[in-house]
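Here's the structure we're looking at; comments come further down.
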Amino acid sequence: MVESTCAVNKQSPSKPAVQPVGLYQAFLFWLKLGFISFGGPAGQISIMHQELVERRRWISEKRFLHALNYCMLLPGPEAQQLATYIGWLMHRSWGGVIAGALFVLPSLFMLIGLSWVYIAFGEVPVVAGIFYGIKPAVTAIVVHAAHRIGSRALKNGWLWGLAGASFVAIFALNVPFPLIVLAAAIIGYMGGRFAPGIFAIGGGHGAASNSYGPAMIDDDTPTPEHARFSWAQLVRLLLIGAGLWCLPMGLLTLSFGWDGTLTQMGWFFTKAALMTFGGAYAVLPYVYQGAVGHYGWLTPAQMIDGLALGETTPGPLIMVVAFVGFVGGYVQPMFVAQHPFLAGAVAAGLVTWFTFLPSFIFILAGGPVVESTHNDLKFTAPLTAITAAVVGVILNLALFFGYHVLWPKGFSGAFDWPAAVISVAAAIALFRFKLTVIQVLFACAIAGLAVHMLRV
């Protein structure tokens, strides 16, 4: 049975007690969050901080940041994991499942609808013009992401060198992304042992210096019983997680064979979920290598358009994988040729399942284990190195997008000057005027529509 709340802080007589929060009340908040979580990880974390720490006082600043720093160490979307973590801390495993699922589901349904509009009506002049303006904006957004992550992660010359080496590896040598991550992790582990000063990048998200009054989960609230480490609980949750992966994967293999499109999507995006160190932009090159280069589920231009759709919907940016799944299922219908929408929707749902399942397992099963190792350099140094390496990988992705946007027919074709102007304007808006991604995409969509209509 689900308990209504975790242990509530014992308030001193001078402080008013914060009322316990029931599971239904929390459900309504997580549902609302799923529809308003725009702005990428930074915006989503800011919304949760304002709502949960400052206004509702469900959790203290210190406990919030402690949970956030833990989620930063994990592969996967940190904002979605943070919601799962707080939901788990408040209402046990079901609370975490509800919080994490509602963070994703609104975005999934929106992307299925938008993906269908894109595939079915993408050649309509208005839609084509909008995407003409969005493509160069996405190139600028990826460059901005590389700068944002790099400014936080590259704190010394060694880490800059690691980022440069990863760029050369994927750009010039075409080294697969998983090997780059593995090499960076080994370098980080060895560096943490023999040169700890290089990889001891502290700070996280800052100290918990603000107080917004007593919270339900306060600084001195004892860790609830379900959040304490237990071998039996760990094994039980790992077995449940393994079953939730093996059952659909087994059914897909029996129904379509190991080489079937849906089966390969499940296997590929399981691996992608474990590579998401440094945020969604870090794993996009791996998704491109597999979905575009190896499997041919979509084209490079469609990949750019999918990223744009992911930027304009709530939820984690990694939800772009739902677009990849929908397009792959729609153009290669696995059921009946007359029902491509059904194939696309099922593929999008399966891809989302396999992408986010590891995040739930990390939080529900690994929370009590990993939380105690947060300041252990043996654990954090490999992740510091991986984050540095993915900066170079993201820069390679920006160059790839820029090539397809500015030379749509290859270097032998004409240079697209209007697209270049839109891209530069988007970069100025992001770097100089600090506009949000949604504002930039909206403005570039209007500019693209105007250019496209003048050409028609």
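Taken together, Ala301, Ala337 contain a single residue that is open to solvent by 10 Å² or more (accessible area, probe 1.4 Å) and modelled with pLDDT under 80, which is Ala337. Of all residues in segment 306-320, those that are surrounded by fewer than 24 Cβ atoms within 10 Å (Cβ to Cβ) have Cβ atoms under 6 Å from Cβ atoms of residues that are not in a helix (DSSP H, G or I), 6 or more apart or on another chain, in Pro314/Ser37; Pro314/Phe38. Residues that are surrounded by fewer than 23 Cβ atoms within 10 Å (Cβ to Cβ) and under 18 Å from the mean Cα position of the chain (by Cα) were ranked within segment 109-141; the one that is nearest to Ala343 (Cα to Cα) is Ile112.
Cβ-Cβ contacts under 9 Å between residues 6 or more apart (or on different chains), taken from a first residue in segment 427-441 that is of a type in the set (Val, Ile, Thr) to a second residue that is open to solvent by 30 Å² or more (accessible area, probe 1.4 Å) and not in a helix (DSSP H, G or I), are listed as Thr436/Phe38; Thr436/Gly39; Val437/Phe38; Val437/Gly39; Val437/Thr312; Ile438/Phe38; Ile438/Gly39; Ile438/Thr312.
Residue-wise test of (1) modelled with pLDDT under 90; (2) assigned to a helix (DSSP H, G or I); (3) buried (at least 24 other Cβ atoms within 10 Å of the Cβ).
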{"position": "Glu54", "(1), (2), (3)": "yes, yes, no"}
{"position": "Lys62", "(1), (2), (3)": "yes, yes, no"}
{"position": "Leu68", "(1), (2), (3)": "yes, yes, no"}
{"position": "Leu74", "(1), (2), (3)": "yes, no, no"}
{"position": "Ala79", "(1), (2), (3)": "yes, yes, yes"}
{"position": "Tyr85", "(1), (2), (3)": "no, yes, yes"}
{"position": "Met90", "(1), (2), (3)": "no, yes, yes"}
{"position": "Ser93", "(1), (2), (3)": "no, yes, no"}
{"position": "Ala101", "(1), (2), (3)": "no, yes, no"}
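Note on segment 146-169: residues that are open to solvent by less than 30 Å² (accessible area, probe 1.4 Å) and either under 21 Å from the mean Cα position of the chain (by Cα) or of a type in the set (S, T, N, Q) (or both) total 7.
Among the residues of this structure, Phe256 counts as one that is open to solvent by 20 Å² or more (accessible area, probe 1.4 Å) and out of contact with any Asp or Glu (no Cβ under 9 Å at 6 or more places or on another chain). Contact map, segment 221-240: first residue open to solvent by 70 Å² or more (accessible area, probe 1.4 Å), second residue at pLDDT 85 or above and among the β-branched types (Val, Ile, Thr), Cβ cut-off under 9 Å, separation 6 or more or different chains; pairs are Leu238/Ile361; Ile240/Ile361. When segment 376-430 is limited to residues that are polar (S, T, N, Q) and more than 20 Å from the chain's Cα centre (by Cα), the one that is surrounded by the fewest Cβ atoms within 10 Å (Cβ to Cβ) turns out to be Ser412.
So, in segment 170-216, of the ones that are open to solvent by less than 20 Å² (accessible area, probe 1.4 Å) and touching a Pro at 6+ places or on another chain (Cβ under 6 Å), which residue ends up modelled with the highest pLDDT? Among residues in segment 170-216 that are open to solvent by less than 20 Å² (accessible area, probe 1.4 Å) and touching a Pro at 6+ places or on another chain (Cβ under 6 Å), the one modelled with the highest pLDDT is Gly188.
The values are calculated or read from the model by the stated rules, or taken from the named source; none is laboratory data. Predicted model, so just to flag it, every value in this text is computed and none were measured. With ideal geometry, Cβ positions are generated from the backbone for all residues, glycine too; neighbour counts draw on all protein chains shown. SASA here: full protein model, heavy atoms, side chains in, ligands and nucleic acids out. Shrake-Rupley method; radii C 1.70, N 1.55, O 1.52, S 1.80 Å.
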